[in-house]
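Q: Before I ask anything, let me first share the structure, which is written out below as structure tokens.
The values are calculated or read from the model by the stated rules, or taken from the named source; none is laboratory data. None of these values were measured; they are calculated from a predicted model. Counting neighbours? That spans all protein chains shown, and the Cβs are built from the backbone with ideal geometry, glycine included.
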Amino acid sequence: MGSRRGRGPALLLLLLAAALGEASANGTCEPPERLYYAELKDDFKATKSFPVGANVSYDCRPGYMSIPGMSSTLVCGSDSRWSQTEQFCTERKCRHPGDLEHGSVHVEDLDLKFGSRITFSCQEGFRLRGTNEVTCVIEGKGVGWSEGLPFCEQIPCEPPPKIANGRYSEVDSYVYQTTVIYKCDDVPKGMDRFSLIGADSIFCTYDADQNGIWSGPPPQCRVVKCDNPEVQNGKKLAGFGPSYSYRDSVTFECNPGYFMVGNETVTCREDSTWHPPKPACKKITEDVCGAPKIRNGKIIPLKSDYAKGESVQVKCSAHCAFPDGAGEMTITCEGRDTWSSLQNCELIVFGSTLDISHGRVIAGLKSSYSVGDSITIECYAGYTLHGEAKIQYVGANRWMPEVPTCQLSAYIIVIICAIVAILVLLAAFWIYKLLFSPKGSYTVDESCKETCILKTNVSSETEDSAQMS
């Protein structure tokens, strides 16, 4: 009984192992996963399970093509899993659209693969005709661009508006930056001429929607006539004429004993009136002054006349100053149309670039200088600065302190003098040698004195014998 009970569990284990082995030998694979770049061939699409060792093949989806050398087949393995493989299809490529005349092509993906986008834009003054973006899409069995390529059109304007009693310069076409000039018609002699009111030219530009528009309204041609201006207790100084039209000007001055209230010059406007209004001439008295006339400045506060002892502030305009460099000052009415310390604001005179001999500007260097500018100067090696290194421009081509100079240093001068003295001494020595040394002089060595004397005596005796013979 016991032996039978022991064999029961063992037999059960053997049967279970055999069942597992059979199940493993008869395993299956589920349909393979979906690939974004390829799809199963039609022969495999309806199959719900695949036995171990079964093969399935793929076709590349539209927009993709096979990669040479890569297999598109999967195998069901003994573990009921499909074999792994690298991507075997790649995106097809669209052709580059080429350059866009008067515009630019902006490419996101340089390979221009399936799904890539390109955008277009035009230069200033041109507008895009067609789409501003295309995509590489499926086209038949290949790929192509989703829409036709655009082009850049120069922005046109309608012909400029016509004006009464005038005309404009005509051209064949009116496109971006085209300018037209208006002129008034001529009139027969003796008739009032037309005046051009407004800017004499307009040009073609464009709005936010890139539609061509003209830069502004056209001018008008009208007859403008201003009356003959007269000022009591005054007279015309300039602008004499039989009649006055648009933009004609007249300048007045008051008679002796009178001062002017208002502007001395008036101009004829398009509405046939004088602007500003004509001035008036008031009698000069002990206790009154007219508004001071300041060139390139303004009066604070500005009134037509001031009482004796009343003060005003004078402020110069930009880039102007009084002769002392100040930008504002206070003046006082002294009566009889006389102001204390009245001066004009003058345009600031710019100084030219400094030329420092044997030196240079190391701080504040400019091509020109205005009042208040400062510079710093240094000398080159071997030179000493005589004067202040830092100077300031005070106007009228003057500097304060004066522009310094660069002169040779004392030790350089000593060295040069020493070298010159040595050269002079050497030259004098050689000149003395040449002029005063005795000609034919020689020296006799003491060791050969006796030999020389003996030779001299022998020579003398020989000569005497010869003479006696």
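Q: Considering the stretch 362-375 alone, what residues qualify as being more than 27 Å from the chain's Cα centre (by Cα) and either of a type in the set (D, E, K, R) or part of a strand (DSSP E or B) (or both)?
A: Hits for the stretch 362-375 are 374, 375.
Q: When you go through 123, 210 one by one, which is the residue that is under 34 Å from the mean Cα position of the chain (by Cα), loosely packed, with under 15 Cβ neighbours inside 10 Å and farther than 26 Å from residue 95 by Cβ?
A: Result: 210 is the single residue among 123, 210 that is under 34 Å from the mean Cα position of the chain (by Cα), loosely packed, with under 15 Cβ neighbours inside 10 Å and farther than 26 Å from residue 95 by Cβ.
Q: Given the residues 264, 270, 253, which is the only one that is surrounded by 13 or more Cβ atoms within 10 Å (Cβ to Cβ), over 29 Å from residue 348 (Cβ atoms), under 47 Å from the mean Cα position of the chain (by Cα) and among the charged types (D, E, K, R)?
A: Residue meeting the stated conditions: 270.
Q: Can I ask one more? Does residue 76 satisfy being of a type outside the set (D, E, K, R), assigned by TED's automatic domain parsing to the domain that holds residue 65 and buried (at least 17 other Cβ atoms within 10 Å of the Cβ)?
A: The answer is yes for residue 76.
Q: Check residue 376 against each of (1) modelled with pLDDT of 85 or more; (2) over 30 Å from residue 324 (Cβ atoms); (3) of a type outside the set (Asp, Glu) and name the one condition it does not meet.
A: Every listed condition holds for residue 376 apart from (2).
Q: If you don't mind, there's one more thing I want to ask. Return a yes/no flag: does the stretch 52-69 have any residue that is among the small types (Gly, Ala, Ser) and touching a residue at least 60 places away in the same chain (Cβ under 8 Å).
A: Yes, some residue in the stretch 52-69 is among the small types (Gly, Ala, Ser) and touching a residue at least 60 places away in the same chain (Cβ under 8 Å).
Q: Which of the following residues is at negative phi, without any contact (Cβ under 8 Å) to a residue 40 or more places away in the chain and surrounded by 16 or more Cβ atoms within 10 Å (Cβ to Cβ): 280, 291?
A: Just one listed residue meets the conditions, 291.
Q: Would you mind finding the one in 147, 153, 170 that is out of contact with any helix residue (DSSP H, G or I) (no Cβ under 9 Å at 6 or more places or on another chain), more than 30 Å from residue 113 (Cα to Cα) and of a type in the set (Asp, Glu)?
A: 170
So that you can scan it fast, the table gives a plain yes or no per residue for (1) among the acidic types (Asp, Glu); (2) closer than 27 Å to residue 160 by Cα; (3) touching a Gly at 6+ places or on another chain (Cβ under 8 Å):
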{"residue": "179", "(1), (2), (3)": "no, yes, no"}
{"residue": "197", "(1), (2), (3)": "no, yes, no"}
{"residue": "205", "(1), (2), (3)": "no, yes, yes"}
{"residue": "210", "(1), (2), (3)": "no, yes, no"}
{"residue": "227", "(1), (2), (3)": "yes, no, no"}
{"residue": "236", "(1), (2), (3)": "no, no, no"}
{"residue": "256", "(1), (2), (3)": "no, no, no"}
{"residue": "276", "(1), (2), (3)": "no, no, yes"}
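Q: Something else now. Quick one: which of 91, 139 is closer than 26 Å to residue 40 by Cα, charged (D, E, K, R), surrounded by 15 or more Cβ atoms within 10 Å (Cβ to Cβ) and modelled with pLDDT under 90?
A: 91
To keep it simple, each residue is scored yes or no on (1) surrounded by 15 or more Cβ atoms within 10 Å (Cβ to Cβ); (2) modelled with pLDDT under 90; (3) more than 30 Å from residue 125 (Cβ to Cβ).
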{"residue": "29", "(1), (2), (3)": "yes, no, yes"}
{"residue": "33", "(1), (2), (3)": "no, yes, yes"}
{"residue": "51", "(1), (2), (3)": "no, no, yes"}
{"residue": "56", "(1), (2), (3)": "yes, no, yes"}
{"residue": "65", "(1), (2), (3)": "yes, yes, yes"}
{"residue": "84", "(1), (2), (3)": "no, yes, yes"}
{"residue": "100", "(1), (2), (3)": "yes, no, no"}
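Q: Okay, next question. Of the residues that sit in the stretch 298-310 and are at pLDDT below 90 and surrounded by 12 or more Cβ atoms within 10 Å (Cβ to Cβ), which one is nearest to residue 340 (Cα to Cα)?
A: Of everything passing the filter in the stretch 298-310, 305 is nearest to residue 340 (Cα to Cα).
For (1) among the polar types (S, T, N, Q); (2) outside the structural domain of residue 261 (by TED's automatic domain parsing), each residue gets a yes or a no:
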residue	(1), (2)
159	no, yes
178	yes, yes
182	no, yes
185	no, yes
196	no, yes
203	no, yes
206	no, yes
210	yes, yes
237	no, no
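Q: Report whether or not residue 202 is within 34 Å of the chain's Cα centre (by Cα), under 30 Å from residue 159 (Cα atoms), surrounded by 17 or more Cβ atoms within 10 Å (Cβ to Cβ) and of a type outside the set (D, E, K, R).
A: Yes, satisfied.
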